[in-house]
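What follows draws every value from the coordinates through simple rules; no lab data is involved. Here the structure is a predicted model, which is why all the values come from computation and not from measurement. Quick reminder, even Gly has a Cβ in these numbers, built from the backbone with ideal geometry, and neighbours come from all protein chains shown.
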Amino acid sequence: MASTRAFMSEPNSEGYAASKGGIIALTHAMAISLGQLGIRVNSITPGRIETKDYENLSFSDHAQHPANRVGKPVDIAKACFYLTDFENDFVTGQNIVVDGGMTKKMMYEE
């Protein structure tokens, strides 16, 4: 599991950002090394996933995402099921970002 912190950061998060970026790099390197053995290697990069009080999130929490909602654990589970399905055996070395489009949206403070 990687994190969108590999692509965007807050102050004082250098170690975490580097570790998550490393997972993405390790993913594609291992896919090349292990592909000849028939082993696929992929990673998932979750964005904001609310695991507790989803009903208490504000309109602005949801509006930050082009998908118009904050993610749920089931969104990550669906990506895991996709990657582990043998029908998808042509997918390897990929990092799948599951963030409702948030890392693609420019946000400026007013």
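Tabulated data for the structure shown
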{"quantity": "All-pairs alpha carbon distance profile, the chain, 10 Å steps from 0, percent", "calculated": "14, 38, 34, 13, 2, 0"}
{"quantity": "Ellipticity estimate at 222 nm from DSSP helix runs (n ≥ 4, -39,500 (n - 2.57)) divided over the chain, nearest 500", "calculated": "-11000 deg cm²/dmol"}
{"quantity": "Efficiency of FRET from Cβ geometry, residue 39 and residue 1, R₀ 22 Å, rounded to 0.05", "calculated": "0.75"}
{"quantity": "The stretch 1-87 - percent relative contact order, Cα under 8 Å, separation 6 or more", "calculated": "26 percent"}
{"quantity": "Length-normalised contact order of the stretch 5-45 in % [C-alpha pairs under 8 Å, at least 6 apart]", "calculated": "30 percent"}
